[in-house]
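See below for the structure under consideration.
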Amino acid sequence: MCGIIGIVGKAPVAERLVESLKRLEYRGYDSAGVAGVVGNSVERRRAKGKIKALEEVLAADPLVATTGIGHTRWATHGAPNVQNAHPHSAGRVTLVHNGIIENFAELKAELAAAGRVFESDTDTEVIAHLIDAELATGLAPIDAFKATLDRLTGAYALAVLIEGADNLVLGARRGSPLVVGEGQGEMFLGSDALAVGPFTNRVIYLDEGDYVALDHDSARIFDASGAAVTRPVRVVPTSAVMMEKGNYRHFMEKEIHDQPEGCQRTIAAYVDALTSKTAVPGDVDWARLERIQIVACGTSYIAGVVGKYLIEQLADLPVDVEIASEFRYRQPALRPGALVVAMSQSGETADTLAALRYCKAKGMKSAVVVNATESTMAREVDVVWPIHCGPEIGVASTKAFTAQVSVLTAIAVAAAKARGTIDAAEEQRLVKVLLEAPRLIAEAIGLEDALKDIAADVAKARDVLYLGRGPMSALALEGALKLKEISYIHAEGYAAGELKHGPIALVDDKTPIVILAPYDSWFEKSASNMSEVMARGGQVIFITDTEGVKHAPEGAKVVVTAPASDPLVSTLVMSAPIQLLAYHVAVIKGADVDQPRNLAKSVTVE
Ligand code: M6R
């Protein structure tokens, strides 16, 4: 993840750009850079490392401009050096970017064939060349920008300067956040409200697919279709700017929507997008490892179960997953050749910490998959695997879950390659699949309106059943957990094959049954279970994908069609629908979504 800022100002901007970048440094600090309009041209200043290094560059070579853009980088494509630092320039265009352009290799080949020369290894530079090429055809800046956006696949937030178009900053967002700040005779663009906080508290949150042209006095906003739109201006309390919900009613809703960007950031830390190889940090000898013992609670435990499916199947490496509160009080048979992996968003959960310490005392090597990298668990383990999804405020875990699953997915691929159960070509294929997951998650979030309608019915239920097979059996547990913790409706998640061994007795025409079944090797079996349920009057909410919908039995009360995905990432893609269903049920019931009764975000007592 990177941080971006843009200012169309009346007063000098260099210092102000730097001030914003300091606020965005939590998003990355591999390099930093600014650019500004100076006379008829655009000048850049860039430095490797933290903002302090950029300040030194600016002290030696000041940038005197009143309109400019800035960037702090968290490297994905290309080494963290000055050459790859943003802003990137091509012809009349200079821009900064947060996100990953998935089709940059094809675009770069096309542009190179047309004679364009690249100076960096980044995916970003192709965007500058594309806009410049469109400008060369005679298009106006905003039209050249739109024509370029239409060619990009992947995630981006952009801020763009164009030589000859003074007092103009263009911006766009898809999959990465971007806000507009309204000043007095000045306009701002930033990755979040924090970035524009020193200059204004009047903030417009751009919607997915929006693009914008800023001048001194206005922000002309367009949606993805090119239609002019207005978005509400929100006054953000200065003290709350760190914890801002944006246009969302609840943190949980925001965090569900944060997932494409959160997962993208996570995945970028565990794979090398340039080589399509895994790059899992830490000293673990995957080839010799005998076993993994995962210990966790709640949603983190469920993420561990998904990991077990993936790691065992891909890497032929045995994985045990256990609820930490059980594990710590029995006498588990442990061996030093195993690795204990604690899974914890907070890194402070008392039961997980105790289970981790128990394993360490038995001489096991230890690791933690964690969000809070300064937490107790992170400080006590041999290997820290951060999930990089940013602070999660809602008590119901959403973006931490998909980030945890993303880490375990990368680990499964890395371990498989190291153990020789997949070859280099398969590793590359799987890494590419993983890199596409954020876009598919964003598409799945697009099902929100349909899920809101379904929620109206589910909100009337007393009990809800969730069924799935394979990794979807774990997601069934997560769907049930989400629903019960925030809506207080009783819900159970089951492996669908277990249905006939008991839970089928619950089936009646008042119990919604959510069946999670992407079109994978388990699909036919899940479809049979769906038929069994419907034969007994069950009201099925069938959540499948574009392939599954073609093969599903008739008779589901409602079918939700998620984007098709490789089985490697189907849990990530199918997560948003179950989270959104739970969220909207809770909203309809008027529950306290972000702070459900009896719960706490971090459970530091046993
Ligand atoms: O911080 P942790 O991941 O260790 O927390 C574990 C559980 O308390 C947590 O996942 C809890 O189940 C969430 N409320 C689920 O949404």
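The values are calculated or read from the model by the stated rules, or taken from the named source; none is laboratory data. Since the model is a prediction, treat every value here as computed from it, not as a measurement. All Cβ positions, glycine included, derive from the backbone under ideal geometry; neighbour counts span all protein chains shown. Accessible surface is based on the protein model in full, side chains and every heavy atom, while ligands, DNA and RNA are left aside. Shrake-Rupley method; radii C 1.70, N 1.55, O 1.52, S 1.80 Å.
Quick notes on this one:
- Surface accessible to a 1.4 Å probe, per residue, for the residues of the chain, Å²: 37
- Candidate lysines for bridging to Lys50, where Cα separation is under 21 Å - those fewer than 8 sequence places away on the same chain excluded: Lys22
- Placed amide H near Gly49: partners under 5 Å, 5+ positions off or other chain: Ser31, Ala32
- Each Lys or Arg adds one and each Asp or Glu subtracts one; over the other residues with Cβ under 11 Å from the Cβ of Val37, this totals -3.
- Distant alpha-carbon pairs in the chain (separation over 44 angstrom), percent: 20
- Amide H contacts of Met187: Val8, each under 5 Å away and 5 or more positions distant or on a separate chain (H built 1.01 Å from N in the peptide plane; Pro and chain starts excluded).
- The relative contact order of segment 3-247, computed from alpha carbon pairs under 8 Å that lie at least 6 residues apart in sequence, is 19 percent.
- The C-alpha radius of gyration of segment 255-444, expressed as a fraction of 2.2 N^0.38 Å, stands at 0.96.
- By the rule of a C-alpha distance below 17 Å, with chain neighbours fewer than 8 residues away ignored, the lysines paired with Lys417 are Lys277, Lys308, Lys432.
- Within the accessible area of segment 304-428, the carbon and sulfur atoms contribute 48%, probe 1.4 Å, all protein chains present.
- Note: relative contact order over the chain, using C-alpha pairs below 8 Å and six or more positions apart, is 11 percent.
- Over 19 Å [Cα-Cα, segment 473-606], rounded percent: 52
- As a fraction of the 1.4 Å probe accessible area of segment 26-66, surface on carbon and sulfur atoms comes out at 51 percent.
- Computed over protein heavy atoms with a 1.4 angstrom probe, the accessible surface ordering of Asp272, Asp453, largest first, is Asp453, Asp272.
- Proximity of backbone amide H atoms, modeled 1.01 Å from N, is registered between Gly347 and Asn371, Ala372 at under 5 Å, excluding neighbours fewer than 5 places apart on the same chain.
- Ranked order, Val117, Val549, Val433 - accessible area, probe 1.4 Å, largest first: Val117, Val549, Val433
- Table column - 3J(HN,Hα) (Hz), segment 304-316, Karplus curve with 6.51, -1.76, 1.60, x for Gly and Pro: x, 5, 4, x, 4, 4, 6, 5, 5, 5, 7, 10, 6
- Counting protein heavy atoms only, segment 446-588 has 52 percent of its accessible area on carbon and sulfur, 1.4 angstrom probe.
- As computed over segment 3-247, the Cα convex hull volume per residue (Å³): 110
- Isotropically averaged projected area of segment 1-69, using the convex hull of Cα atoms (one quarter of hull area), nm²: 4.2
- Accessible surface of Glu380 - all protein chains present, 1.4 Å probe, nearest 10 Å²: 50
- Listed values for segment 578-585 are Karplus-derived 3J(HN,Hα) couplings in whole Hz (6.51 cos²θ - 1.76 cosθ + 1.60, θ = phi - 60°), namely 6, 5, 5, 4, 4, 4, 6, 4, and x replaces Gly and Pro.
- Pair Ser41, Ser528: separation of 7 Å Cα→Cβ label points (nm): 7.2
- Cα gyration tensor shape for segment 418-502, rounded if a/c is under 1.5, else prolate or oblate: oblate
- The distance between label points at Ala333 and Ala224 comes to 5.3 nm (points 7 Å beyond Cα on the Cα→Cβ vector).
- Per-pair calculated FRET efficiency, R0 = 56 Å: Lys432 and Lys10 via Cβ, rounded to 0.05: 0.75
- Ignoring lysines fewer than eight residues from Lys589 along the same chain, the ones with Cα atoms less than 28 angstrom from its Cα are Lys245, Lys254, Lys399, Lys452, Lys460, Lys482, Lys484, Lys510, Lys557, Lys601.
- A Cβ-based charge dipole, computed about the Cα centre of the chain with Lys and Arg at +1 and Asp and Glu at -1, lands at about 1080 debye.
- Heavy-atom accessible area with a 1.4 Å probe sorts Glu322, Glu208, largest first, into Glu208, Glu322.
- Working ranking of peptides 151-164, 398-411, 530-543 by packing, defined as the average number of other Cβ atoms within 10 Å per residue, highest first, is 398-411, 151-164, 530-543.
- Packing around the peptides 469-479, 333-343, 512-522, taken as the average count of other Cβ atoms within 10 Å per residue, puts them in this order, highest first: 469-479, 512-522, 333-343.
- In order along segment 462-474, phi translates into HN-Hα couplings of 8, 10, 9, 10, 10, 10, x, 10, x, x, 5, 5, 5 Hz, rounded to whole numbers, per the Karplus curve 6.51 cos²θ - 1.76 cosθ + 1.60 with θ = phi - 60° and x for Gly and Pro.
- Considered as an equivalent ellipsoid built on the Cα gyration tensor, segment 254-315 has semi-axes of 22, 20, 10 Å, the largest given first.
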